[in-house]
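Asker: Quick one: structure below, then a few questions.
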Amino acid sequence: QAPFVESGGGLVQPGESLRLSCASSPTILANLPMAWFRRAPGKQRELVARISHIGDTFYKDSVKDRFTISKVYANNTLFLQMNSLRPEDTATYYCNTPTEGYDWGQGTQVTVSS
């Protein structure tokens, strides 16, 4: 069973915002780097953002300055704040370690369309 439960997706218009959540175990969240991935229709899954166990972050070029990855240890939750959404951000979003070390969860669907 995948140790991640993603939520927060939805249908939004271009320019709007969403905040995705990934519930995980405290052991994973506190001790391992984490990442958000996405898979668009007909495309391979790609890494969107990652955060180290000490908080260093990395973003795919196309989401820099629009997306923010963060962790809240008290709630055992990883977040992805997505602003200024574009149609090309449409995908199913997943969380995992950057090395894809665990089974994938169900993901959460993000659709950006006018």
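The values are calculated or read from the model by the stated rules, or taken from the named source; none is laboratory data. The shown structure was predicted, so the numbers you read here are calculated from the model rather than taken from an experiment. We place every Cβ from the backbone using ideal geometry, glycine too, and count neighbours over all the protein chains shown. For accessibility, only protein heavy atoms count, side chains too; no ligands or nucleic acids. Shrake-Rupley method; radii C 1.70, N 1.55, O 1.52, S 1.80 Å.
Asker: For THR99 and THR68, FRET efficiency with R0 = 25 Å and r from the beta-carbon atoms, rounded to 0.05?
Answerer: E between THR68 and THR99, to the nearest 0.05, is 0.70.
Asker: Within the chain, what whole-number % of the accessible surface is contributed by carbon and sulfur, with the 1.4 Å probe and all protein chains included in the calculation? Display every interim value, and only then the final one.
Answerer: Details: 2800 of 6020 Å².
Of the solvent-accessible surface of the chain, carbon and sulfur hold 46 percent.
Asker: Work through the residues other than ARG38 whose Cβ is under 10 Å from its Cβ and net out their charges, Lys, Arg +1 and Asp, Glu -1.
Answerer: Taking every other residue near ARG38 into account, the sum is +2.
Asker: Can you tell me the accessible area per residue over the range 59-111, all protein chains present, probe 1.4 angstrom, in square angstrom?
Answerer: Ligands and nucleic acids excluded, the figure is 49 Å² per residue.
Asker: Could you do me a favour and compute the accessible area per residue for the range 1-52, 1.4 Å probe, result in Å²?
Answerer: Per-residue accessible area for the range 1-52 comes out at 52 Å².
Asker: Moving to a separate point now. With only Lys, Arg, Asp and Glu charged, each at its Cβ (+1 for the first two, -1 for the last two), find how big the charge dipole of the range 9-58 is about the Cα centre; round to the nearest 20 debye.
Answerer: For this selection, approximately 200 debye.
Asker: Run a plain Debye calculation on the range 71-114 (Cα atoms as equal point scatterers, no solvent) and give log10 I(q)/I(0) at q = 0.14, 0.24, 0.25, 0.26 Å⁻¹, rounded to two decimals, same order as the q list.
Answerer: Treating every Cα as an identical point scatterer, log10 I(q)/I(0) equals -0.44, -1.01, -1.04, -1.06.
Asker: Dipole magnitude of the chain about its Cα centre, charges +1 at Lys/Arg Cβ and -1 at Asp/Glu Cβ only, in debye to the nearest 20?
Answerer: 60
Asker: Compute the normalised compactness of the range 21-66: alpha-carbon radius of gyration over 2.2 N^0.38 Å, N being the residue count. If you can, show how the numbers build up before the last one.
Answerer: On the way: Rg = 12.1 Å, N = 46, 2.2 N^0.38 = 9.4 Å.
With N residues counted in the range 21-66, Rg over 2.2 N^0.38 Å equals 1.28.
Asker: Now for a different question. How big is the range 1-105 by the Kirkwood estimate over distinct Cα pairs, in Å?
Answerer: After inverting the mean inverse Cα-Cα distance, the result is 13.7 Å.
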